[in-house]
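The values are calculated or read from the model by the stated rules, or taken from the named source; none is laboratory data. Here the structure is a predicted model, which is why all the values come from computation and not from measurement. Here the Cβ positions follow ideal geometry from the backbone for every residue, glycine too, while neighbour counts run over all protein chains shown. Ligands, DNA and RNA are excluded from the accessible area calculation, which covers all protein heavy atoms including side chains. Shrake-Rupley method; radii C 1.70, N 1.55, O 1.52, S 1.80 Å.
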Amino acid sequence: MDFNTAEELLEICKKENKPISEIMRLREIIYGESNADEVDAKMKKSLEIMRASAHKPLTEVVKSIGGMIGGEASKLEKRRAEGLSICGNVLTKALIYSQAVLEVNASMGVIVAAPTAGSAGVLPAVLFSLEEEFALSEETLLKGLFTAGAIGCLLMKNASVSGAEAGCQAEIGSAAAMASAAAVEMMGGTPEQCFDAASITLSNMLGLVCDPIAGLVEMPCQSRNAAGASNALTSAEMALAGVKAAVPFTEMSDVMYRVGKGLPAELRETALGGCAATPTGCALKCKIFGGCS
């Protein structure tokens, strides 16, 4: 059940007549040296943590360590509750949950790094917005998590999920690719459509730099989680409609990695370029850490 490329995984899915989620689950049982109950329990625990982090800021004030974010999720929820949202229920809820998880992360709360702490809001945002709109079962969400895990596994093996190594495209981009594939499977799509969605997602975020203000995972990280969730839903909708990716997933993950390695150091999580290097970004850093004349 092991695989190193999208093509190998698709071949296993075809041979076994199983979706990506089930192949990934079996892989974890076989190669993770765990039994089925242990694997399922671990995934359920991850889902529970995701759910808690996506909802906590909607009922209590959560302030970040740097003080740059906090309260964004509740502002979006208030607007949605008043019927003022211009994005529709699924996307608006995805925006809310993506913001909420980053608030919890930046306040040193417990989150699931999927695949990283800085991109932790994307996958929960997609999972729970679809769950609520389409009354999906927990079993369906768990299948989405296993599918997302398969995409993340391939990106870890063949590219990168590190902003320091390959820019924010490797963090938010990877998280969004994982979420888009999860959405496709949860909504009844095929393994091929899962990879179409993931590839489209990566192409949409190609070249995204990593430039955290003051070096903290707060701004613009929080809003980029919202962008990642939006991208994931857009790509999933396209793939489910039968839109094919222009470039296969394996090639797209390779080019994402090469583009990331080509980014200057200033744009790979060093906080020396991009938003972090603007006058406002520098002023915020001085306000947080002091020591500026």
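Near the amide H of ALA120, within less than 5 Å, lie the amide hydrogens of ALA114, all on another chain or at least 5 residues away, with H placed in the peptide plane. Based on alpha carbons, the Rg and Dmax found for segment 1-44 are 10.7, 29 Å.
The length gained on full extension between ASN158 and ASN17, counted as 0.36 nm times the residue separation minus their Cα-Cα distance, comes to 48.2 nm.
For a 4.7 Å threshold on C-beta separation, the list of partnerless cysteines in the chain reads CYS13, CYS87, CYS153, CYS194, CYS221, CYS275, CYS282. Applying the criteria of a DSSP loop state and at most 13 other Cβ atoms within 10 Å to the GluC sites (Glu not before Pro) of segment 31-72 yields GLU33, GLU60. For the chain, the longest principal axis of the alpha carbon atoms and the long axis of helix 122-134 meet at an angle near 60°. Here the accessible area is traced with a 1.4 Å probe on the protein chains. For the chain, carbon and sulfur cover 56 percent of it.
Taking amide H as placed 1.01 Å from N in the peptide plane, the amide H of GLY109 sits under 5 Å from none that are at least 5 places away or on another chain. Between 0 and 90 degrees, the angle of helix 138-158 with respect to the longest Cα principal axis of the chain falls at about 80 degrees.
Solvent exposure of segment 139-293, expressed per residue, is 38 Å² of accessible area, with all protein chains present and a 1.4 angstrom probe. Using the empirical formula 2.2 N^0.38 Å as the baseline, the Cα radius of gyration of the chain reaches a ratio of 0.97. Each of ALA182, GLY83, CYS286 was placed along the dipole of the chain (beta-carbon charges, centred on the mean Cα), and the one lying farthest toward the positive end is CYS286. In order along segment 164-178, the phi-based Karplus estimate (6.51 cos²θ - 1.76 cosθ + 1.60, θ = phi - 60°) of 3J(HN,Hα) comes to 5, 8, 9, x, 5, 4, 7, 9, 5, x, 5, 4, 5, 5, 4 Hz; Gly and Pro are listed as x. Computed from the C-beta positions of ASP37 and LYS244, the FRET efficiency with R₀ = 35 Å rounds to 0.35.
Here are some pairs, LYS157/LYS244; LYS42/LYS244; LYS261/LYS287; LYS18/LYS45; LYS63/LYS157; which of them have Cα atoms lying more than 27 Å apart in this structure?
Check vs 27 Å cut-off fails for LYS42/LYS244; LYS261/LYS287; LYS63/LYS157.
All distinct Cα pairs of segment 57-107 go into the 1/r average, and the inverse of that average, the Kirkwood radius, is 11.0 Å.
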